[in-house]
1. Scan the range 45-64 residue by residue and report those that are open to solvent by 20 Å² or more (accessible area, probe 1.4 Å) and in contact with a strand residue (DSSP E or B) (Cβ under 9 Å, 6 or more places away or on another chain).
2. Regarding the range 176-184, can at least one residue be identified that is touching a Phe, Trp or Tyr at 6+ places or on another chain (Cβ under 9 Å) and under 30 Å from R16 (Cβ atoms)?
3. Output the residue which, of all residues in the range 68-89 that are part of a loop (DSSP other than H, G, I, E, B) and open to solvent by less than 40 Å² (accessible area, probe 1.4 Å), is farthest from L111 (Cα to Cα).
4. State yes or no: is R134 under 21 Å from L55 (Cα atoms), touching an Asp or Glu at 6+ places or on another chain (Cβ under 7 Å) and among the basic types (K, R)?
5. Is at least one residue of the range 113-134 over 30 Å from L8 (Cα atoms) and surrounded by 13 or more Cβ atoms within 10 Å (Cβ to Cβ)?
6. Cβ-Cβ under 9 Å, sequence separation 6+ or interchain: first residue in the range 80-96 and on the phi > 0 side of the Ramachandran plot, partner buried (at least 16 other Cβ atoms within 10 Å of the Cβ) and among the β-branched types (V, I, T). Which pairs?
7. Being open to solvent by less than 20 Å² (accessible area, probe 1.4 Å) and not hydrophobic (A, V, I, L, M, F, W, C) is the filter here; which residues of the range 165-175 pass it?
Amino acid sequence: MTHLRVVLADDELVARARLRRLLAAVPDVTVAGECDRGDALHEALRAADADVVLLDIEMPGVSGLEALRLLPEPRPYVIFCTAHAEHAVAAFDVGAVDYVTKPVEAGRLSLAIERARRAVAARSERVTANVHRRLAIETREGVLLLDPAEIAFAEIDGALVTIHVGERRVLSDLALAELEARLPSSFLRVQRRALLNLDHV
């Protein structure tokens, strides 16, 4: 189960206390921070390294909706917890995972947390997949991590293999056959001295 670090953003002390109590019963959730103003949300999230924020809408400073729009990407997943049901459409328009109305009930909050947990896990899988897709190429300047999808073709140029990535040319001591073995099936040996990425044709 993916562990979640959660920040509570609500100007009402009683509302934050209720959320803390309800979250204490949800497995693998840590309340990592709190704030009571919309304009303090960015700093609270940065300090907490949070995965999820439970965010009220009507707060001093800026509203929860405005605070969310101001957050840089990648931002935590947001569950709005508010007494104002009329903002639901706007909340989903800015990317909310869920919208829970006050008074927040345990079962409803647990459902929202599980939705956020699935989203966090999916993001982590995408990041891992992207890291694994990178190809480590040793060059005379050091090791470069290249995305195979960005490689147009590779060719033997003198004693070295030249890898063409966009406008760049990367020289490597790697043998062309070894490079071919590490590349996906979209690459074809079009001649003895060249590999072509068919996705670029």
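The values are calculated or read from the model by the stated rules, or taken from the named source; none is laboratory data. Just so we're clear, the structure is a prediction, and the values are computed from it rather than from any experiment. Glycine also receives a Cβ, built like all others from the backbone with ideal geometry; neighbour counts cover every protein chain displayed. When the accessible area is computed, the model is the full protein with side chains, heavy atoms only, and any ligands, DNA or RNA have been set aside. Shrake-Rupley method; radii C 1.70, N 1.55, O 1.52, S 1.80 Å.
1. Hits for the range 45-64 are A47, D49, D51, E58, M59.
2. no
3. Residue satisfying both the conditions and the ranking: L71.
4. Numbers: under 21 Å from L55 (Cα atoms): no; touching an Asp or Glu at 6+ places or on another chain (Cβ under 7 Å): yes; among the basic types (K, R): yes.
No; evaluated as a whole, the condition is false for this residue.
5. Yes, the range 113-134 contains a residue that is over 30 Å from L8 (Cα atoms) and surrounded by 13 or more Cβ atoms within 10 Å (Cβ to Cβ).
6. Partner pairs satisfying both residue conditions: G95/V78.
7. Answer for the range 165-175, where residues must be open to solvent by less than 20 Å² (accessible area, probe 1.4 Å) and not hydrophobic (A, V, I, L, M, F, W, C): just S172.
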